[in-house]
Amino acid sequence: MVGGGIAGAALGRALAQAGRRVLVVEREARFRDRVRGEYLEAWGVAEARRLGLVDTLLASGAREVPWLTTWVGSLAAQRSDVRAASPEGLGPLCLSHAAMQEGVLAAARAAGAEVLRPATVTQVTPGARPSVTVRRADGGEETFAARLVVGADGRESKLRGSCGFAVQRDPEKLALAGLLLDGYDGPDDTGSLFWNFAAGEQALLFPQGGRRLRAYVAFHAKGDPGRLSGRARIPDFLAACASAQVPAEWLAAAAPAGPLAAFSGADVHVSHPVQGGIALVGDAAASSDPTWGCGLSLTLRDVRVFSDALLANDDWDAAAHAYAEEHDRYYGRLHTLEGWLSQALFDVGADADARRGRIFARAFAEPGRIPDVVAHGPDAPCDEAARRRLFAED
């Protein structure tokens, strides 16, 4: 595994538990807050349960936040119990990304995976018997031959580029900024989504317990996805929360507990992420728009599908290609659903407002018309009939 974050550590753990020899190479000596996904949607919790990871996540500080409240202006338009919509009756988890990384990597080591950390992969050689060359912290290098090399090194994967995978990047539309806060005084049993339709923005609040909050603002990138990034922009970030009408008393005593960073929401993905004995998982294979909070869940779906395929077939090349085909299917569905939701909920202007009026008029009268990606992810209906239902065209 090139990368010992969630994808590499979870896959390494699954394979090591089944008795396979696994090497995980991680460059960071300690994971730190870099503003990543910290909301595991219900369908991702289902994947974690299938992988036997829920106890590891809970031991790493994850807590169930079963409710999701959608606000339009100062009106709490909908408060829903995600467990009621989840096929498995599961609620989302809020958690520290860095703590989760540490917990899952420790679980991989405990399962028998060899972990080199801090260490850097300096060369990957594809082929029928691929290999990786690793530089250890003391400067020594060693080359390892493998049945399969897995790139789990994130959205800007260096392995992906060096091995010649064709990368597709969606047109820029949205960006997401995130900030960790201590001193939160809002409700701690619900995620809260505040829509500012006039600006095409949304504030998203996910409580982690102990008055700690991960807050995000989704906004139109407009050529500057970093405009809400860096400590000097924290007042602008909080102003965007206020403009979305987050109650002032919820954040009155809150203080930053980490960096403010923003990232482009444009999907970055590879079709059929397997070639030449190299496979990509997690964000290296496909990073979805973080606005919709599906990234962690998509990673765990990758890990579960890939590990199942590898453990069911001694021909790992065939198993890897089977994973790639299935990955393209569910990622393609998620990409479509998120595209619809972005158009329906983030477009601005008179026509967009009129369309939203029709969408919400029908949705409030007939719940279930808007695809529920928090509960179902890519398993939500995704055909033309579903599109027409969302846009109130039926």
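Observations, loosely collected:
- Ala145-Glu249 FRET efficiency (beta carbon distance; Förster radius 45 Å; 0.05 resolution): 0.15
- Considering only alpha-carbon pairs that sit under 8 angstrom and 6 or more positions apart, the relative contact order computed for the chain is 20 percent.
- A Förster distance of 25 Å, applied to the separation of the beta-carbon atoms of Gln343 and Asp185, puts the FRET efficiency at 0.10.
- Compared with the alpha-carbon gap, the fully stretched path from Thr336 to Ala361 is longer by 6.7 nm at 0.36 nm per residue.
- Inter-centroid distance (Cα atoms) of region 139-154 relative to region 204-228, Å: 34 Å
- Taking region 301-394 and dividing mean pair separation by its residue count, relative contact order in percent (alpha carbons under 8 Å, at least six apart): 25 percent
- Efficiency of FRET between Asp351 and Asp138 - r from beta-carbon atoms, R0 51 angstrom, step 0.05: 0.25
- Per residue, the accessible area of the chain comes to 40 Å², computed with a 1.4 Å probe over protein heavy atoms only.
- Linear extension gain, Arg32 paired with Glu114, 0.36 nm per residue minus alpha-carbon span: 27.3 nm
- Distance in nm between pseudo-label sites at Ser162 and Gln123 (7 Å out along the Cβ direction from Cα): 1.0 nm
- Gain on full stretching of the segment that runs from Ala239 to Ala18 - 0.36 nm per residue minus C-alpha separation: 74.5 nm
- Region 95-173: GluC sites (Glu not before Pro) in DSSP coil with no more than 13 other Cβ atoms inside 10 Å: Glu156
- Apportionment of accessible area to carbon and sulfur, the chain, percent (1.4 Å): 50 percent
- Labels on offer are [x] 25.8, 77; [y] 23.3, 68; [z] 20.9, 65, and the one holding Rg and Dmax of the Cα atoms in Å computed from this structure is [z].
- Long-range HN-HN contacts of Val22 with modeled amide H, under 5 Å: Glu114
- Projecting the Cα atoms of Gly44, His335, Gly154 onto the charge dipole of the chain (Cβ charges, centred on the Cα centre) puts Gly154 farthest toward the positive pole.
- Size of charge dipole - the chain - debye, nearest 20, with Cβ of Lys, Arg +1 and Asp, Glu -1, no other charges: 580 debye
- HN-Hα J in Hz across region 247-262 - Karplus 6.51, -1.76, 1.60, θ = phi - 60°, x for Gly and Pro: x, 4, 5, 5, 10, 4, 9, 7, 10, x, 10, x, x, 9, 9, 10
The values are calculated or read from the model by the stated rules, or taken from the named source; none is laboratory data. Keep in mind that this is a model prediction, so the values were computed, not measured. In this analysis, Cβ positions are derived from the backbone assuming ideal geometry, glycine residues included, and neighbour counts consider all displayed protein chains. The area values use the complete protein model at the heavy-atom level, side chains included, leaving out ligands, DNA and RNA. Shrake-Rupley method; radii C 1.70, N 1.55, O 1.52, S 1.80 Å.
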